[in-house]
Structures are given as C-alpha cells and as structure tokens.
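Visitor: One structure coming up, written as structure tokens, with questions to follow.
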Amino acid sequence: MLYCQGTYLITQKENIAKGCYSFWIYCPDIAALAKPGQFVHVRIGSHTLRRPISICEINPQKGELRLVFEIRGQGTDEIANIPNGGQIDLLGPLGNGFDCPKSEDESVIVVGGGIGVPPMLETAKAYGKNATAIIGFRNASAVILEDDFKNNGINTILCTDDGSQGIHGFVTTALEQQLKEQKPSLICACGPSVMLKSIIALADTYGIRCQVSLEERMGCGVGACLVCACKTIKNGEEYYAHVCKDGPVFDSHEVVL
C-alpha cells in the first residue's frame, strides 16, 4: 500500500451544514495516489489516535483533496477549529476504494446516508453521465453536497426522513424504484449498517454487484492493530478483517453486518 504522511495547507474551509465542514487541502503527493472510497488519517495534537476521514473529492491537477466531515467528538471538533490557511497533518491515502469503470458502458448507482454521502461524490464522478446518486438525510437542515453532485452532471435523487426536502422516505425506497427502471453495473453504498443491510438485500434480489464502505473506529490506519476488526466471509468461512487495510470498501457478499 502506497501512502504519504505530512503537514499540508488548508486552502479552503467552509461550514456547509450545522456541525459539518468542508476542507480543501493542498497535498499533491496524496492527491496523485488517491482513489474514490479511500480515506486519510488526521492527526490531532492533543489526542493519541488519528481520526479517519473519507476522501470526498480528488483534484490531482491542482494537487488537492476535499474532506467533508461532521463533528462527532472532541477530536473532530479540534479539526473543525483549524483555521482556513492553517496546517493539517495527514496520513494517506489509505484503504481500498470503490471500483472505477473499466469501460464507457459501465454504470453505477451510488447511495449515501448522512455523513456516508461525501465518499460517494468522487465515486459518482468516476462514472460521469452513467452515474445516479441517491442521498439521504434526516431533514432539510442536514442536507449536504446535493448541488455538488448536480453540478458534476450526476442524476441526483434526494431523500429526507421527514419529507422536508426531496422525496419523503428512505434511500432504499428510491433505490428499489430505480432498480425497477434500470439495472446498473454496480451499486456502491456508504452509511449506517441498517441501511447497508437493506441495500445488500436489494442488490441480491435484482442480481446486481454491490460494494459497501464500512465505518469503524481505527487505531493505526494501516492494519497493524486490531481496533477496526470486522467479521467477514470468504470461501464460506468467517474471519476477521481490518476495515482500514482490507476495506473500508468490501464486496457486499463478504461482510457480516
């Protein structure tokens, strides 16, 4: 696994929703290696463990990565308080990402729930006009990145649990409706486990290959510790894999949720 470590410049910082931030970071060595679905490990001065954050967008021409994250504790709160123009310590890119198209005919439906939406943006961009994005949030105030998907020419379907914006309902309902109308080459998903279980079941019902990205607490980020162990199945046998090294993206038939 090729990865880099260093201190990099935050070139743009934006508060895009309550408790949710977007950072563009100038890190040309990481941006040159990064793929959709991978993540970076962020060092925080007052904490021993780094914090994993999914890569939202990659701009290798400018040498930049975009990270979009939600404040969930003291660590991410400290990251959010780094000023625009400040320095951030990154280790990455880490893990295995989503499959990119091998031909112009391949299509994808990406499904993201809540803070599982950011890594789906670069994944959808890899498929361009052959991508459909289904993104879901609790309510209108939690919606992020909808315009970013649309501005990249991606057919975008927004769902909210309370119906305050977009379709009233879960992403799985919208996904099933799409699957009745079209059969993509691949479904890619990231979000809560209960959502992933339902998406995997739909993919199996419609006979479509599916990849899911798992979220776990991590220690080292490179597979040297056991903090992010998860149960998986391979060749009919259960075993424990590392989300950081073997994932975070897994084939849907390999994960035990």
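Visitor: Looking for something under 30 Å from C210 (Cα atoms) and hydroxyl-bearing (S, T, Y) - is there at least one such residue anywhere in segment 30-53? If you could, list the steps in order and put the result at the bottom.
Guide: Taking segment 30-53 as the starting set, the residues that turn out to be under 30 Å from C210 (Cα atoms) are 30-42, 50-53.
Narrowing further to those that are hydroxyl-bearing (S, T, Y): none.
So far as segment 30-53 goes, no, none of its residues is under 30 Å from C210 (Cα atoms) and hydroxyl-bearing (S, T, Y).
Visitor: Next question, about the same structure. Can you list residue pairs whose Cβ atoms sit under 6 Å apart, with the first residue in segment 44-57 being touching a residue at least 40 places away in the same chain (Cβ under 8 Å) and assigned to a strand (DSSP E or B) and the second being surrounded by fewer than 23 Cβ atoms within 10 Å (Cβ to Cβ) and not aliphatic (A, V, I, L, M)? Count only pairs 6 or more apart in sequence or on different chains.
Guide: C56/R66; E57/R66
Visitor: Scan segment 58-71 residue by residue and report those that are surrounded by fewer than 16 Cβ atoms within 10 Å (Cβ to Cβ) and in contact (Cβ under 8 Å) with a residue 24 or more places away in the chain. I'd like the intermediate steps shown before the answer.
Guide: Step one: of segment 58-71, the residues surrounded by fewer than 16 Cβ atoms within 10 Å (Cβ to Cβ) are 59-62.
N59, P60, K62 - these are the residues of segment 58-71 that are surrounded by fewer than 16 Cβ atoms within 10 Å (Cβ to Cβ) and in contact (Cβ under 8 Å) with a residue 24 or more places away in the chain.
Visitor: Which residues, counting only those in segment 159-170, are open to solvent by 10 Å² or more (accessible area, probe 1.4 Å) and not aromatic (F, W, Y)?
Guide: Once the filter is applied, which keeps residues that are open to solvent by 10 Å² or more (accessible area, probe 1.4 Å) and not aromatic (F, W, Y), segment 159-170 yields D161, D162, G163, S164, Q165, G166, I167, H168, G169.
Visitor: Taking the criterion of being of a type in the set (G, A, S), buried (at least 21 other Cβ atoms within 10 Å of the Cβ), modelled with pLDDT of 95 or more and closer than 21 Å to I144 by Cβ, would at least one residue in segment 72-95 satisfy it?
Guide: no
Visitor: How about segment 193-232: which of its residues are exposed (fewer than 14 other Cβ atoms within 10 Å of the Cβ) and either within 18 Å of the chain's Cα centre (by Cα) or modelled with pLDDT under 95 (or both)?
Guide: Listed by number, the residues that qualify are S193, V194, R217, A224, L226, K231.
Visitor: Go through segment 1-29 and report how many residues are in contact with a Cys (Cβ under 6 Å, 6 or more places away or on another chain) and in a strand (DSSP E or B).
Guide: Qualifying residue count for the region: 1.
Visitor: Moving to a separate point now. In the set N151, N139, which member is open to solvent by 70 Å² or more (accessible area, probe 1.4 Å) and under 21 Å from the mean Cα position of the chain (by Cα)? Can you show your working first?
Guide: On the way: N139 fails: open to solvent by 70 Å² or more (accessible area, probe 1.4 Å).
Of N151, N139, the one residue that is open to solvent by 70 Å² or more (accessible area, probe 1.4 Å) and under 21 Å from the mean Cα position of the chain (by Cα) is N151.
Visitor: Filter segment 96-128 down to the residues that are touching a Pro at 6+ places or on another chain (Cβ under 8 Å), surrounded by 23 or more Cβ atoms within 10 Å (Cβ to Cβ) and within 16 Å of I154 (Cα to Cα) and list them by number.
Guide: Selection gives V108, I109, G112, P119, E122, T123, Y127.
Visitor: Now, a different point. Name the residues in segment 30-43 that are crowded, with 23+ Cβ neighbours inside 10 Å, on the phi < 0 side of the Ramachandran plot and part of a loop (DSSP other than H, G, I, E, B), would you? Let's see the steps before the verdict.
Guide: Kept after step one, since they are crowded, with 23+ Cβ neighbours inside 10 Å, are these residues of segment 30-43: 30-31, 34, 36-42.
Next, only the ones that are on the phi < 0 side of the Ramachandran plot stay: 30-31, 34, 36, 38-42.
Result: A34, P36, Q38.
Visitor: Which one of the conditions (1) over 29 Å from C210 (Cβ atoms); (2) of a type outside the set (A, V, I, L, M, F, W, C); (3) in contact with a Cys (Cβ under 6 Å, 6 or more places away or on another chain) does D89 fail to meet, given that it meets all the rest?
Guide: It fails just one condition, (3).
The values are calculated or read from the model by the stated rules, or taken from the named source; none is laboratory data. Here the structure is a predicted model, which means the values were calculated and not measured. Don't worry about glycine lacking a Cβ; one is built from the backbone with ideal geometry, like all the others, and counts go over all protein chains shown. Areas reflect the complete protein model, heavy atoms only, side chains present, ligands, DNA and RNA absent. Shrake-Rupley method; radii C 1.70, N 1.55, O 1.52, S 1.80 Å.
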